Amino acid sequence: MSRKPSTPDGSLAEWLETEGIVPAADPAALKDLPRIRALLLEAARAGHSVSYSDMLGQLGFRFTRPKMRTLCRSLDAIDETGRAAGEPELAVLVVRESDRLPGQGWWVGVADRLGYTGAWEGKEALRFIEGVQQRAFDYWQGC
C-alpha cells in the first residue's frame with residue numbers, strides 16, 4: 001500500500017521538514033558566531049573560499065536571500081571582533097558562486113577601509129579579493 005502524501009499547511013520548506021525529506025535547521029545557527037567563525041577558519045586554513053550557498057548549507061539551510069542577509073550580519077560581527085584583535089578579514093572568504101566575489105554588503109562595509117576604490121565586479125575586483133583572501137589564508141595557516 002502506498003502512502004498518500006500529506007497536504008502542506010505552511011511553506012514548502014515546512015512540509016519538506018515535516019515529511020522528513022529535509023531536516024529542520026535551527027534558526028539560531030545563523031547567529032551562532034563561534035560556529036560560523038569556526039567554519040570560516042576551516043576554510044582559511046584549507047586555503048579556499050566558500051559560497052554563500054555552501055556556508056548556509058553547512059549551517060543546515062537552503063539558500064534564501066533573507067537567510068543570506070542574516071548570515072552577512074553575523075559575518076560583519078565576526079570581522080568586527082577580528083579587527084579589534086588585529087586579525088585579517090574572514091567574511092571575504094564567503095563569495096557568490098557565479099564570480100567568486102563577495103556581495104555588495106561586503107564591498108560597502110570594507111572596500112573603502114582597505115583602500116579599494118575600483119569596480120565591485122570584474123578582473124580588478126577579483127585580483128583585489130584574492131589578495132585580501134590570501135592574507136587570511138597566510139595568517140590562519142600559520143596558526
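Observations
- Accessible-area value, VAL108, 1.4 Å probe, nucleic acids and ligands omitted, Å²: 90
- Solvent-accessible surface (1.4 angstrom probe) belonging to TRP107, in square angstrom, nearest 10: 10
- Gap separating the Cα centres of the stretch 64-83 and the stretch 115-143, nearest whole Å: 18
- Ranking GLN104, GLY118, PHE63 by how far each Cα lies toward the positive end of the dipole of the stretch 18-133 (charges on Cβ) leaves PHE63 at the top.
The values are calculated or read from the model by the stated rules, or taken from the named source; none is laboratory data. Computed from a predicted structure; not experimentally measured. Here Cβ is always computed from backbone atoms with ideal geometry, including for glycine, and neighbour counts include all displayed protein chains. What goes into the accessible areas is simple: the full protein's heavy atoms, side chains included, and nothing from ligands, DNA or RNA. Shrake-Rupley method; radii C 1.70, N 1.55, O 1.52, S 1.80 Å.
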